[in-house]
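J.: Sharing a structure here in structure tokens format.
Every read-out reported here was derived from the displayed coordinates using simple, explicitly stated rules and does not represent laboratory data. Fair warning: this is a prediction, and the values are worked out from it, not measured in the lab. Methodologically, a virtual Cβ is constructed for each residue, glycine included, from the backbone with ideal geometry; neighbour enumeration extends over all protein chains shown.
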Amino acid sequence: MPPAEPRIEPHVAPGVEPPLALLAELTHRCPLRCPYCSNPLKLERASDELTEAEWRRVLGEAAALGVLQVHFSGGEPMARRDLVALIGEAAGRGLYSNLITSGALGGERELQAFAEAGLKHVQLSFQDVAAADNDRIAGLSGAHARKSAFAQAVRAVGLPLTLNIVVHRQNLGGVDQMIEMALALGARRLEIAHVQYYAWALTNRAAFLPTRAQLDTATRTVEAARERLKGVLAIDYVVPDYHGVRPKSCMNGWGRRFLNISPAGKVLPCHAAETLPGLSFPSVRDASLADIWYRSEAFNRFRGTDWMAEPCRNCERRTIDWGGCRCQAFLLTGDAARADPVCALSPDHGVVETALREAEQPVEAFIYRQYG
Ligand code: SF4
Ligand code: FES
């Protein structure tokens, strides 16, 4: 008999809106070993993963809570044999579903089943344009060929395709070719997103952080292509925040719009939240999503602005960027409640300037993500 769905109670936290999007990390298993992977350094085991029945219950709770979109991710979500059933469950609950995949497992047969189950969109990652470079960064020989075939299969079954390419100093010079590849593969959207420095990427930062000159050249290329390709290809462009003077509004603010569920069921305000000491993240195995979203200490710890110290406390941007990223603040200063050091107003901004000086040094080798 399936487990009874927990009762969803009306919320008690005044002013807290329901979440809009859920990142469902179905598994940390993945055939790729990207050295900038956003998964934690300590990956969760397959034997701890939520079961199909647990995910179905969670999807029901998410829809009841107000979530509109579910992003099936990982690791590689296609490593889960029950993915088609979970897509069907999401569709049945009225959730818009997006598949975030490496394209290294499966093809047209699986995609046809996903489309019939109600999948609405596919986001496919490439590591680079040339096969040898792509496969070196992915840590998997033949990955580029599999991804190219997968992209064709996405188009063959009629699903909209977004290409995602993570950029850094080792591939940033190829932005023009990335745009050409997206057009050739029939993508409607291209995300050119710089590495974000958490987890594996922070370990490998010296090999990835670009120089200012590299970044400026790439930005000019993207801006010209956006103009030229209006109505043909939408290009999202995420620059490295280390080169900015104000931080990004990470997750649109802690506990405001977004929740992340790990393979074993931990509910997180962001993908890197487990790096923060002193916070424990409840599991969907122990509490309802509504309880966790509205009442848990972890989700309320950095909500709003009451937790802020100077210079954020009285800054005019405090409800625009919410003090930047809590995880980056902790990783760079040891204190998650400080201003994100990317901010030039932060007393810790020097650590970012030091990292930028390191970016001038030639480093190519990196440590690959390892499962198990
Ligand atoms: Fe954002 Fe704080 Fe910097 Fe102001 S001082 S811009 S709120 S990080
Ligand atoms: Fe955790 Fe930004 S990644 S708050």
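J.: Normalise the Debye intensity by I(0) for the range 164-207, one equal point scatterer per Cα, no solvent, then take log10 at q = 0.27, 0.28, 0.32 Å⁻¹ and round to two decimals.
T.: -0.93, -0.97, -1.13
J.: Which residues' amide hydrogens lie under 5 Å from the amide hydrogen of GLY74, considering only partners 5 or more residues apart or on another chain, with H built in the peptide plane?
T.: Excluding prolines and chain starts, which carry no amide H, the hits are LEU26.
J.: If you don't mind, there's one more thing I want to ask. Please compute the Kirkwood hydrodynamic radius of the range 30-172 from all pairs of different C-alpha atoms, in Å with one decimal.
T.: 15.9 Å
J.: Taking a ≥ b ≥ c as the square roots of the Cα gyration tensor eigenvalues, with a/c under 1.5 meaning rounded and otherwise prolate when a/b beats b/c, else oblate, which class fits the chain?
T.: Because a/c hits 1.5 or more and a/b fails to exceed b/c, the chain counts as oblate.
J.: Let me ask you something else. Helix-only estimate, please: 222 nm mean residue ellipticity of the chain, summing -39500 (n - 2.57) across DSSP H runs of length 4 or more and dividing by its residues, to the nearest 500.
T.: Value at 222 nm, helices only, nearest 500: -9500 deg cm²/dmol.
J.: Also, quick follow-up: Give the peptides 42-54, 125-137 in descending order of average Cβ contacts within 10 Å, highest first.
T.: 125-137, 42-54
J.: Just to be sure I understand: of the beta bridges DSSP finds with both ends in the range 156-281, what percent are antiparallel, rounded to 5?
T.: So the antiparallel bridges in the range 156-281 amount to around 15 percent.
J.: Taking a cut-off of 16 Å between Cα atoms, list the aspartates and glutamates near LYS248, but don't count ones fewer than 8 places away on the same chain.
T.: Result set, ordered by chain and number: ASP236, GLU316, ASP321, ASP340.
J.: Can I ask one more? Where the convex hull is taken over the Cα atoms of the range 123-198, what is its projected area averaged over directions, in nm²?
T.: 4.9 nm²
J.: Note down the nm distance, to one decimal, between modelled labels 7 Å out along Cα→Cβ at GLU353 and at ARG109.
T.: 6.0 nm
J.: Select from VAL267, VAL167, VAL175 the residue whose mean-square fluctuation is largest in a Gaussian network model of the chain (Cα-Cα springs shorter than 10 Å).
T.: For the chain, modelled as a Gaussian network with Cα springs under 10 Å, the answer is VAL175.
J.: Per the Debye formula with a single identical scatterer at each Cα and no solvent contribution, what log10 I(q)/I(0) holds for the range 166-324 at q = 0.08, 0.19, 0.21 Å⁻¹?
T.: Cα-only, vacuum Debye calculation for the range 166-324: -0.33, -1.17, -1.24.
J.: Take every DSSP beta bridge whose two residues both sit in the chain, then give the antiparallel share in percent to the nearest 5.
T.: Within the chain, antiparallel bridges account for around 10 percent of the total.
J.: Can you work out ³J(HN,Hα) from phi for every residue in the range 313-323, in order, using Karplus 6.51 cos²θ - 1.76 cosθ + 1.60 and θ = phi - 60°, giving whole Hz and x for Gly and Pro?
T.: Calculated HN-Hα couplings, in order: 3, 10, 7, 5, 9, 5, 9, 9, 9, 6, x Hz.
J.: Sticking with this one: Between VAL122, VAL16, VAL342, where does the largest GNM mean-square fluctuation fall for the chain, given springs only between Cα atoms within less than 10 Å?
T.: VAL16
J.: Moving on. Among ALA298, ALA309, ALA62, determine the one that fluctuates most according to a GNM of the chain built with springs between C-alpha atoms less than 10 Å apart.
T.: ALA309
J.: Taking Cα centroids, how far is the range 249-275 from the range 171-206 in Å?
T.: First find each Cα centre; the distance between them is then 23 Å.
J.: Over the range 94-138, what per residue volume does the convex hull of the Cα atoms give, in whole Å³?
T.: In the range 94-138, the Cα hull volume divided by residue count equals 75 Å³.
J.: Give the long-range amide H neighbours of ASN164: residues separated by 5 or more places, or on another chain, with amide H under 5 Å away, using H modelled in the peptide plane at 1.01 Å from N.
T.: LEU124, SER125, PHE126, GLU191
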